[in-house]
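To keep things clear, I will list the structure first and then write my remarks on it.
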Amino acid sequence: MTSNDFFKYQAQTSPMPLAMEVAYAKGCYIYDTENNAFLDFVAGVSACPLGHNHPKINDAIQEQLQKYLHVMVYGEYIQKPAVELTKLLAKHLPPTLQKTYLTNSGTEAIEGALKLARRATGRSEIIAAKHAYHGNTMGALSVMGFEERKKAFRPLLPDVNFITFNAEAELEAISTKTACVILETIQGGAGFIAPTNGYLEKVREKCNATGSLLILDEIQPGVGRTGKLFGFEHYNCIPDILVTGKGLGGGLPIGAFTASGALMDLLQDNPKLGHITTFGGHPLIAASALATLKEITSSTLITETLEKEALFRTLLKHELIETIRGKGLMLALILPSADVANQLVLKSKDQGLILFWLLFEPKAVRITPPLTISEGEIKEGCEKIIKILDEISQNI
């Protein structure tokens with residue numbers, strides 16, 4: 001494969017992709033075709049919580065591969081990997097979150113959650129947050145709080161209104177006309193902004209008072225990344241519908257939305273096939289997800305995440321780092337300008353370290369490594385970051 005073929009035949013998502021040609025990956029490292037090693041501080045944008053080529057995931061995939069792949073559209077046949085995955089999720093969730101619909105991606109799970117909220121309430125209004133990101137399909141795009149990224153695709157879903165994350169006064173917008181409020185537990189694209197002053201608890205109370213459903217998007221914070229299995233566990237706020245994806249698949253594509261049995265059963269009838277998918281719950285992907293979830297919930301990785309966060313915060317002290325936002329291993333360096341952020345990402349790649357940007361905050365640099373990252377690897381990467389920031393500061 002050549003870079004010319006990459007640009008000629010594969011559609012791109014940005015004008016200047018990083019275009020590393022990957023040969024293989026293992027643990028917390030990705031290797032290019034010239035056998036250069038890159039320490040991965042991004043984990044496929046939070047999608048590989050156990051790193052690369054994890055033996056338990058590989059074993060689960062290979063075992064399932066010998067049995068069967070796709071055999072029937074979702075929800076018709078009993079396929080053990082999907083059943084066991086949804087059962088394990090229920091075991092680790094509150095009693096009101098017990099039935100899960102498996103999808104192919106996080107954005108598809110958002111679509112399903114929005115449909116379920118409208119079906120359950122008979123209402124149309126959706127309230128989302130400014131600077132929110134929930135995916136790029138049309139429904140998810142409609143609840144994206146960033147007009148620059150969505151105006152080219154209008155008209156989108158009607159009756160979507162926006163409030164400011166963490167602004168308690170704006171919760172008055174939630175009313176008896178509101179089908180649902182959809183929020184990221186920690187805002188991702190906006191710069192890893194965590195809720196403050198009991199904000200999510202207050203949203204929960206307002207939804208209870210108006211009969212509106214609360215959807216929490218845990219596609220990024222979920223599956224152990226914040227020091228809890230799901231981010232909402234930090235904030236005394238249980239959603240009506242929980243959406244996850246990314247890290248749940250252990251490196252394979254997945255999404256899921258979870259609600260009570262009574263809510264989820266509404267998609268079975270009136271109309272039948274209220275939400276359908278051909279490949280959702282695919283046995284190979286469900287096997288990978290099950291192995292991932294078993295490893296994360298049966299090991300010390302979740303509690304270690306907070307210890308590793310503390311190490312990052314200790315090591316990443318520099319005059320150019322204005323603050324570090326986020327929780328656990330969902331961290332964002334906030335730098336003085338977009339130019340400094342761009343330089344750090346690009347220079348780090350040259351030094352064998354993978355960093356990445358965030359969608360809507362140009363001054364932010366993402367640090368979301370595998371949960372399996374070691375203390376030595378954290379120190380190695382942080383030393384490179386500090387050295388590069390020293391070089392940048394000399395030229396400012």
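The values are calculated or read from the model by the stated rules, or taken from the named source; none is laboratory data. Just so it is clear, the structure is predicted and the values come from calculations on it, not from any experiment. Glycine also receives a Cβ, built like all others from the backbone with ideal geometry; neighbour counts cover every protein chain displayed. Accessible surface is based on the protein model in full, side chains and every heavy atom, while ligands, DNA and RNA are left aside. Shrake-Rupley method; radii C 1.70, N 1.55, O 1.52, S 1.80 Å.
Can you name every residue in the stretch 150-180 that is farther than 24 Å from Lys206 by Cα and either assigned to a loop (DSSP other than H, G, I, E, B) or in contact (Cβ under 8 Å) with a residue 40 or more places away in the chain (or both)? Show your work before the answer.
We begin by selecting, within the stretch 150-180, every residue farther than 24 Å from Lys206 by Cα; these are 150-156.
If the condition is that a residue be farther than 24 Å from Lys206 by Cα and either assigned to a loop (DSSP other than H, G, I, E, B) or in contact (Cβ under 8 Å) with a residue 40 or more places away in the chain (or both), then Arg154, Pro155, Leu156 are the ones that fit.
Scan Thr258, Thr278 and give me the residue that is of a type in the set (S, T, N, Q), in contact with a helix residue (DSSP H, G or I) (Cβ under 7 Å, 6 or more places away or on another chain) and more than 15 Å from Pro49 (Cβ to Cβ).
Values: Thr278 fails: in contact with a helix residue (DSSP H, G or I) (Cβ under 7 Å, 6 or more places away or on another chain).
The unique qualifying residue is Thr258.
Which residue, of Ala47, Ala37, is under 30 Å from Lys80 (Cβ atoms) and either at pLDDT 95 or above or surrounded by fewer than 22 Cβ atoms within 10 Å (Cβ to Cβ) (or both)? Write out each step before concluding.
Numbers: Ala37 fails: under 30 Å from Lys80 (Cβ atoms).
Result: Ala47 is the single residue among Ala47, Ala37 that is under 30 Å from Lys80 (Cβ atoms) and either at pLDDT 95 or above or surrounded by fewer than 22 Cβ atoms within 10 Å (Cβ to Cβ) (or both).
Is there a residue in the stretch 273-282 that is open to solvent by 30 Å² or more (accessible area, probe 1.4 Å), modelled with pLDDT of 95 or more and assigned to a helix (DSSP H, G or I)?
Scanning the stretch 273-282 turns up no residue that is open to solvent by 30 Å² or more (accessible area, probe 1.4 Å), modelled with pLDDT of 95 or more and assigned to a helix (DSSP H, G or I).
Across the stretch 193-229, what is the total count of residues that are touching a strand residue (DSSP E or B) at 6+ places or on another chain (Cβ under 7 Å), outside any helix (DSSP H, G or I), of a type in the set (A, V, I, L, M, F, W, C) and over 14 Å from Ala109 (Cβ atoms)? Full working, then the answer.
Step one: list which residues in the stretch 193-229 are touching a strand residue (DSSP E or B) at 6+ places or on another chain (Cβ under 7 Å), which gives 193-194, 203-204, 207, 210, 212-223, 225-227.
Narrowing the set further to residues that are outside any helix (DSSP H, G or I) leaves 193-194, 212-223, 225-227.
Subset that is of a type in the set (A, V, I, L, M, F, W, C): 193-194, 213-216, 219, 223.
Of the ones still in play, those that are also over 14 Å from Ala109 (Cβ atoms) are 193-194, 213-214.
Selection size over the stretch 193-229: 4.
Residues that are closer than 18 Å to Asp265 by Cα and out of contact with any Asp or Glu (no Cβ under 7 Å at 6 or more places or on another chain): list the helices (runs of 4 or more DSSP H) wholly contained in the stretch 40-128 that include at least 1 such residues.
In the stretch 40-128, 80-91, 106-121 are the helices (runs of 4 or more DSSP H) which contain 1 or more residues that are closer than 18 Å to Asp265 by Cα and out of contact with any Asp or Glu (no Cβ under 7 Å at 6 or more places or on another chain).
So that you can scan it fast, the table gives a plain yes or no per residue for (1) among the hydrophobic types (A, V, I, L, M, F, W, C); (2) at pLDDT below 95; (3) open to solvent by 30 Å² or more (accessible area, probe 1.4 Å):
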| site | (1), (2), (3) |
| --- | --- |
| Gly122 | no, no, yes |
| Glu125 | no, no, no |
| Ala128 | yes, no, no |
| Thr137 | no, no, yes |
| Val143 | yes, no, no |
| Phe162 | yes, no, yes |
| Ala167 | yes, no, no |
| Val181 | yes, no, no |
| Glu184 | no, no, no |
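On the given criteria, is Ile285 at pLDDT 95 or above, outside any helix (DSSP H, G or I) and touching a strand residue (DSSP E or B) at 6+ places or on another chain (Cβ under 6 Å)?
Against the criterion (at pLDDT 95 or above, outside any helix (DSSP H, G or I) and touching a strand residue (DSSP E or B) at 6+ places or on another chain (Cβ under 6 Å)), Ile285 does not qualify.
Pairs needed: first member in the stretch 14-41, acidic (Asp, Glu); second member anywhere, open to solvent by 80 Å² or more (accessible area, probe 1.4 Å); C-beta distance under 7 Å; at least 6 residues apart or different chains.
Short answer, once both residue conditions are applied: Glu21/Met1; Glu21/Thr33; Asp32/Val22.
Working only within the stretch 318-356, note down all residues that are closer than 13 Å to Ile388 by Cα and open to solvent by 40 Å² or more (accessible area, probe 1.4 Å).
Glu319, Asn342, Gln343, Leu346, Lys347, Lys349, Asp350, Gln351 - these are the residues of the stretch 318-356 that are closer than 13 Å to Ile388 by Cα and open to solvent by 40 Å² or more (accessible area, probe 1.4 Å).
Which is of a type in the set (Val, Ile, Thr), part of a helix (DSSP H, G or I) and open to solvent by 30 Å² or more (accessible area, probe 1.4 Å), of Ile386, Ile392? Break it down into steps so the answer makes sense when it comes.
Numbers: Ile392 fails: open to solvent by 30 Å² or more (accessible area, probe 1.4 Å).
Testing whether each residue is of a type in the set (Val, Ile, Thr), part of a helix (DSSP H, G or I) and open to solvent by 30 Å² or more (accessible area, probe 1.4 Å) leaves just Ile386.
Considering only the stretch 134-149, state which residues are within 13 Å of Leu359 (Cα to Cα) and either within 20 Å of the chain's Cα centre (by Cα) or in contact (Cβ under 8 Å) with a residue 12 or more places away in the chain (or both). Show your work before the answer.
First, pick out the residues of the stretch 134-149 that are within 13 Å of Leu359 (Cα to Cα): 134-136, 144-149.
Within the stretch 134-149, His134, Gly135, Asn136, Met144, Gly145, Phe146, Arg149 qualify.
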